[in-house]
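*Asks:* Pasting in a structure now, in structure tokens, and then I'll have a few things to ask.
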Amino acid sequence: MSFVSRGFTGRRRESAPGRLPPGQHDAGSDFPVLSAGPTPHVPPDEWDFTVQGLVAHARRWSWQEFRRLPREPVTADIHCVTSWSKLGTRWEGVSVDTLLADVTPGGGFVVAFSDGGYTTNLPLADVTGHKAWVVDTYDGEPLQAEHGGPARLLVPHLYLWKSAKWVRGLVLTAQNEPGFWETFGYHDRGDPWLQQRYAGD
Ligand SMILES: Nc1nc2c(c(=O)[nH]1)N[C@H]1C(S)=C(S)[C@@H](COP(=O)(O)O)O[C@H]1N2
Ligand SMILES: [Mo]
């Protein structure tokens, strides 16, 4: 029998210092909204998700087709470059591995693009190997528009600006092509454990 009570381990998990990257604090139950522009509202019958660019086979899914793809639950700690982190967030969606399964990528980079014009760039290796998802569910509910609904990218091992809200697709590229915040001086990769906040970090 363990002398550590369930309540104690539960609290310990919540505040475990090992889960907060350097310079981050735990936002607790808050879930701040950070959007560079207005929240787009696209009707489901106008929504699609495409994989294009340097691929042997481009792909497109309507909303209904996307909803029928194999789904998985994701529990992850998320980290915003403005210094808040949120531990144990619960999502559900489609693994980017599933979306890229049949395209045969030709380049080593992706640009995620969103309704409203937001973009963010990532090495292909950061969105494959079970590290990134297109999620449409948060905490068991349809993802709210302000947090990126109907669907957003979720790349929890990188700063949250890489998790493009209102995402509509991925473009495979040969070269690294800086996205919205990266063009304004944020880091190309954004690893919170390495504090890659700004270009040059
Ligand atoms: N389309 C789009 N995606 C975006 C942003 C944005 O302005 N537009 N902001 C990014 C930033 S800087 C952060 S910290 C997170 C914030 O997600 P949240 O509003 O759900 O907390 O979304 C990221 N994805
Ligand atoms: Mo952010």
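*Asks:* Among DSSP beta bridges whose residues both lie in region 25-194, state the antiparallel percentage, nearest 5.
*Replies:* Values: 33 of 39 bridges.
Restricted to region 25-194, the bridges split so that about 85 percent are antiparallel.
*Asks:* I'm a student and want to see the number: the projected area of the Cα convex hull of region 30-173, averaged over all directions, in nm². Mind showing how you got there, number by number?
*Replies:* Details: hull surface 31.2 nm².
So the mean shadow area of the Cα hull is 7.8 nm².
*Asks:* Taking chymotrypsin sites (Phe, Trp or Tyr not before Pro) as candidate sites, keep only those in a DSSP loop with at most 15 other Cβ atoms within 10 Å, then name the longest stretch of the chain containing none of them.
*Replies:* Details: sites that count: Phe3, Phe184.
Here the longest segment lacking exposed loop sites spans 4-183.
*Asks:* Here's another thing I want to ask about it. Mean residue ellipticity at 222 nm from the helices of the chain, using -39,500 (n - 2.57) per DSSP H segment of n ≥ 4 over the full residue count, to the nearest 500 deg cm²/dmol?
*Replies:* When only DSSP H runs of four or more count, the value is -2500 deg cm²/dmol.
*Asks:* Distance between Cα centroids, region 79-149 to region 170-201: provide it in whole Å.
*Replies:* Centre-to-centre distance over Cα atoms comes out at 15 Å.
*Asks:* Calculate one ³J(HN,Hα) per residue across region 100-111 by plugging θ = phi - 60° into the Karplus curve 6.51 cos²θ - 1.76 cosθ + 1.60, and present them in order as whole Hz with x for glycine and proline.
*Replies:* Once rounded to whole Hz, the list reads 9, 4, 10, 8, 6, x, x, x, x, 9, 10, 10.
*Asks:* Work out, step by step, the length gained on full extension between Ser35 and Thr98: first 0.36 nm times the residue separation, then minus their alpha carbon distance; give nm to one decimal. Each step should come with its number before you reach the end.
*Replies:* Details: separation 63, 0.36 × 63 = 22.68 nm, distance 2.74 nm.
That pair, Ser35 and Thr98, stretches by 19.9 nm at full extension.
*Asks:* Same structure again: For the chain, what relative contact order do you get, as a whole percent, if you take Cα pairs closer than 8 Å and at least 6 residues apart?
*Replies:* On the way: 409 pairs, mean separation 44.4, N = 201.
Dividing the mean separation by the residue count of the chain yields 22 percent.
*Asks:* Calculate how steeply helix 6-15 sits against the longest principal axis of the alpha-carbon atoms of the chain, using the helix alpha-carbon long axis, and give the answer as 0 to 90 degrees to the nearest 10.
*Replies:* It is inclined by approximately 60 degrees.
*Asks:* With +1 assigned to the C-beta of every Lys and Arg and -1 to the C-beta of every Asp and Glu, and no other charges, what is the dipole magnitude of the chain about the Cα centre in debye, to the nearest 20? Each step should come with its number before you reach the end.
*Replies:* Values: 19 positive and 23 negative charges, 114 e Å.
Computed charge dipole of the chain: roughly 540 debye.
*Asks:* In whole Hz, with x marking every Gly and Pro, tabulate ³J(HN,Hα) for region 171-184 from phi via Karplus 6.51 cos²θ - 1.76 cosθ + 1.60, θ = phi - 60°.
*Replies:* Once rounded to whole Hz, the list reads 10, 7, 10, 7, 10, 5, 10, x, x, 4, 6, 5, 5, 8.
*Asks:* Quick one: with all protein chains in place, what share of the accessible area of the chain is carbon or sulfur, to the nearest percent (1.4 Å probe)? Before the final figure, lay out the partial values.
*Replies:* Details: 5460 of 10120 Å².
About 54 percent, which is the carbon plus sulfur part of the accessible surface.
*Asks:* While we're looking at this one, here's another question. Given R₀ = 41 Å, FRET efficiency for Arg19-Asp45 by Cβ-Cβ distance, to 0.05? List each step's numbers first, then the result.
*Replies:* Numbers: r = 41 Å, r/R0 = 0.99.
Computed FRET efficiency for Arg19 and Asp45 comes out at 0.50.
*Asks:* Let me ask something else about it. Over region 25-194, give the accessible area per residue in Å² for a 1.4 Å probe, as an integer.
*Replies:* Here the residues of region 25-194 average 44 Å² of exposed surface.
The values are calculated or read from the model by the stated rules, or taken from the named source; none is laboratory data. Model, not experiment: these values are computed from the prediction. Heads up, the Cβs are rebuilt from the backbone with ideal geometry, glycines too, and the neighbour counts pull from every protein chain shown. In case anyone asks, the SASA skips ligands and DNA or RNA and just uses the protein heavy atoms, side chains included. Shrake-Rupley method; radii C 1.70, N 1.55, O 1.52, S 1.80 Å.
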